[in-house]
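Engineer: The structure is given below, and queries will be raised subsequently.
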Amino acid sequence: MDPAAVAAVAALAAAALLLAVGLQRRGPSGLSAERARAGTDAAQATARAAEAEERAAAWVQDVGVLVDLVGIGVIRVSDDLTVISANETAARLLARRAAGLPGRSVMEVSTDHRLEEIVRGALQTGAAAGELTIRTTEAPTLLVRARRLSSGDAWLVLEDVTELRRLQRIRTEFIDNLAHELRTPLTTVSLLAETLALEAGNLPPRTADRIAKIEVETGHLVQMVNELLDLSKIESGSAALLLSDVDLARLADATVERLSLFAERHGVRMVVEADGAIPLVRGDGERLGQALLNLLHNAVKFSPAGAEVVIRVRADEHEVVVTVQDHGPGIPRSARTRVFERFYKGDRARTREVGGTGLGLSIARHIVEAHGGRIWVDSEEGSGSTFGFAVPFAGPDLAATPGA
Ligand code: ADP
């Protein structure tokens, strides 16, 4: 479902449950009926309040029906992790009876310990989200979003994303199969174009020029197919991480070495600044090298001739942070989160000029996240960008990394 629609329905549901809780706490209004009978002003006011309360109760019921209809589960949890209220859908999604949920602890409600983690996360930081699998024969996947309230309680919104995740898997498999099928013929065409280009010395200049263009374009296609295969391997977790102790400062030097010819051709100087002794991180050196290579390749590619690219490596309390700073065109604010999406290309005209598949940053993001790390970009349009990533010393959480 559209996230805006989910948010709107969740807000309605929250209001409904909140009112329901309020109504329950206030209890029946027998006294107000007595006063109404006495005919005093106060009694009339109380009668009006009772009427409003009835209308509110009906409204709560209506909204409850609506929320159940769209299939969103809503739960209110207290700060001691006890369920205060829950709608029918929440109970159905968790394979429980609705009447049995209030009063239970979050740990009792789901066997998947991630629910407790999400709730604790929201209570501590204000908001948290994650996915759970319910242990039934259908094993549905639930997306849970939690938000802390000023009262100290938290709202949880549960959404069944089983079908969405299945479709995403099919899409990945489809791209994977297609890329596999394309790789062999494309590599052959690319090699033939390369051979033709070598033999093009005696051909008329226009023909030689066309052969050179075929060589360049098939080279791009081969690169795109290879990157797609890489990405789907990392995304699906089928590419096992080969863990060892990695020295990111040495990796930065090695990556600079790998790109030295490319940088020389662009007239760009690369500098590595390592801040003291950098602790080793547990990770896959080759993959982390690939992530850094993608960031550095972009930094050089987007830099003007004569510019400098600086790679900084430093250690924080639990992690090593690597940043790559360039003085290129920068990235507009609106594009800063999108650059990490697969196939995202910024300025089409510029990208065509410098080349690229729109996959490099997506690959880098997946590699860093598979290591339990994070990746980001700071940029000032017109004066440059700094891409950074951080990986924890301890390396990936092995339980959370399929194939690792
Ligand atoms: P590509 O292979 O097209 O470079 P990426 O995923 O690496 O794909 O980058 C996606 C987009 O992000 C690029 O098309 C570009 O618009 C923008 N981008 C990436 N790095 C930089 C950078 N250092 N400076 C400016 N723009 C960048």
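Engineer: Taking the condition under 30 Å from Glu181 (Cβ atoms) and not in a helix (DSSP H, G or I), does Leu228 pass?
Structural biologist: No; evaluated as a whole, the condition is false for this residue.
Engineer: Return the only residue of Leu101, Leu115, Leu132 being over 21 Å from the mean Cα position of the chain (by Cα) and surrounded by 16 or more Cβ atoms within 10 Å (Cβ to Cβ).
Structural biologist: Going through Leu101, Leu115, Leu132 in turn, the sole match is Leu101.
Engineer: A further question on this structure: Which of the numbered conditions does His180 fail, given that it passes all the others? Conditions: (1) in contact with a helix residue (DSSP H, G or I) (Cβ under 8 Å, 6 or more places away or on another chain); (2) under 29 Å from Phe302 (Cβ atoms).
Structural biologist: If we test His180 against (1) in contact with a helix residue (DSSP H, G or I) (Cβ under 8 Å, 6 or more places away or on another chain); (2) under 29 Å from Phe302 (Cβ atoms), just (2) comes out false.
Engineer: Now, a different point. Counting residues that are charged (D, E, K, R), which helices (runs of 4 or more DSSP H) fully inside segment 64-128 reach at least 2?
Structural biologist: Because the criterion is at least 2 residues that are charged (D, E, K, R), the helices (runs of 4 or more DSSP H) in segment 64-128 that meet it are 88-93, 114-125.
Engineer: Looking at Glu264, Glu257 in this structure, which one is closer than 27 Å to Phe393 by Cα, assigned by TED's automatic domain parsing to the domain that holds Phe302 and over 31 Å from the mean Cα position of the chain (by Cα)?
Structural biologist: Glu257
Engineer: May I ask you to list the residues in segment 366-375 that are surrounded by fewer than 23 Cβ atoms within 10 Å (Cβ to Cβ) and under 18 Å from Ala252 (Cα atoms)?
Structural biologist: If the condition is that a residue be surrounded by fewer than 23 Cβ atoms within 10 Å (Cβ to Cβ) and under 18 Å from Ala252 (Cα atoms), then Arg374, Ile375 are the ones that fit.
Engineer: Here's another thing I want to ask about it. Would you mention how many residues in segment 236-282 are in contact (Cβ under 8 Å) with a residue 60 or more places away in the chain, touching a Gly at 6+ places or on another chain (Cβ under 8 Å) and part of a loop (DSSP other than H, G, I, E, B)?
Structural biologist: So the count comes out to 6.
Engineer: Taking Asp378, is it surrounded by fewer than 19 Cβ atoms within 10 Å (Cβ to Cβ), of a type in the set (Asp, Glu), modelled with pLDDT of 95 or more and within 13 Å of the ligand (Cβ to nearest atom)?
Structural biologist: Yes, satisfied.
This table checks each residue for (1) charged (D, E, K, R); (2) within 16 Å of the ligand (Cβ to nearest atom); (3) touching a helix residue (DSSP H, G or I) at 6+ places or on another chain (Cβ under 7 Å).
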{"position": "Arg282", "(1), (2), (3)": "yes, no, no"}
{"position": "Leu293", "(1), (2), (3)": "no, yes, yes"}
{"position": "Val320", "(1), (2), (3)": "no, no, yes"}
{"position": "Glu341", "(1), (2), (3)": "yes, yes, yes"}
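Engineer: Looking at (1) modelled with pLDDT under 90; (2) of a type in the set (A, V, I, L, M, F, W, C); (3) assigned to a strand (DSSP E or B), find the lone condition where Ala399 falls short.
Structural biologist: (3)
Engineer: Now for a separate question. Between residues in segment 316-341 that are more than 25 Å from Glu235 (Cα to Cα) and residues that are in a loop (DSSP other than H, G, I, E, B) and within 7 Å of the ligand (Cβ to nearest atom), which pairs lie under 8 Å by C-beta distance while being six or more apart or on different chains?
Structural biologist: From residues that are more than 25 Å from Glu235 (Cα to Cα), the pairs are Asp326/Phe302; Gly328/Phe302; Pro329/Phe302; Pro329/Asp347; Ile331/Gly346; Pro332/Gly346.
Engineer: May I pose another question? Residues being in contact (Cβ under 8 Å) with a residue 60 or more places away in the chain and either under 24 Å from the mean Cα position of the chain (by Cα) or more than 18 Å from Arg147 (Cβ to Cβ) (or both): count how many of those fall in segment 77-88.
Structural biologist: So the answer is 0.
Engineer: Next up: Within segment 283-314, count every residue that is within 18 Å of His371 (Cα to Cα), without any contact (Cβ under 8 Å) to a residue 60 or more places away in the chain and in a strand (DSSP E or B).
Structural biologist: Selection size over segment 283-314: 1.
The values are calculated or read from the model by the stated rules, or taken from the named source; none is laboratory data. Nothing here was measured: the structure is a model prediction, and the numbers come from that model. Note that we place each Cβ from the backbone using ideal geometry, even for glycine, and neighbour counts take in every protein chain shown.
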